[in-house]
Structures are given as structure tokens and as C-alpha cells.
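*Asks:* Got a structure for you, written out below as C-alpha cells; questions coming shortly.
We did not get these values from a lab; they are worked out from the coordinates using the rules stated. The structure presented is a predicted model; accordingly, all values stated were derived computationally and were not measured. Cβ placement follows ideal geometry from the backbone for every residue including glycine, while neighbour counts extend to all protein chains displayed.
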Amino acid sequence: FVELSALLEPGKKPKTDKASILCDAIRLMNQLRSEADKLKTENGQLEENIKELK
């Protein structure tokens, strides 16, 4: 858990509270999923634009 905490917040003193570390990991995973969904949507729109330009 200490290694995970260090990865989640590099440069800060690693947390030792497991619940806090898991909450941070879940928050980061949700952010990454949201960003991935936005990028997939944007990619689809760009592909449509490319098809229209051809």
C-alpha cells in the first residue's frame, strides 16, 4: 500500500492509512476512465470529420 500511495502522489510522504490510499486510487481510476471516455468520443467525432472531408 505504501508503494501505491507513493505512485498516486509522487513527491509527497506516502500515506499509511489503507482506506485513504484506496480512496485516492479509486478517485484516480474514475478520473482516468472519464478522460478515456471523452477521448473516445472526440476520436469518433474526428473520424466522422475525416470521412466528410474525403
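*Asks:* Could you work out the local net charge near Glu48, counting Lys and Arg as +1, Asp and Glu as -1, over the other residues with Cβ closer than 14 Å to its Cβ?
*Replies:* Once all neighbours under 14 Å are counted, the net charge is 0.
*Asks:* Quick one: net charge of Leu28's neighbours, Cβ under 12 Å, K/R +1, D/E -1?
*Replies:* Numbers: positive: Arg27, Arg33; negative: Glu9, Asp24, Glu35.
So the surrounding residues net to -1.
*Asks:* Considering only the other residues whose Cβ falls under 15 Å of the Cβ of Glu3, what net charge follows from Lys and Arg at +1 and Asp and Glu at -1? Walk me through the numbers before you get to the answer.
*Replies:* Numbers: positive: Lys12, Lys13, Lys15, Lys18; negative: Glu9, Asp17, Asp24.
Residues close to Glu3 contribute a combined charge of +1.
*Asks:* Any idea what the relative contact order of the range 1-47 is, in percent, if you count C-alpha pairs under 8 Å spaced at least 6 apart?
*Replies:* 27
*Asks:* Along each principal axis of its Cα atoms, how long is the chain end to end? Whole angstroms, biggest number first, please.
*Replies:* Principal extents (Cα only, largest first): 56, 20, 11 Å.
*Asks:* Compute the helix-to-body angle for 18-53: its Cα long axis versus the longest principal axis of the chain, expressed 0 to 90° and rounded to tens.
*Replies:* It is inclined by approximately 10 degrees.
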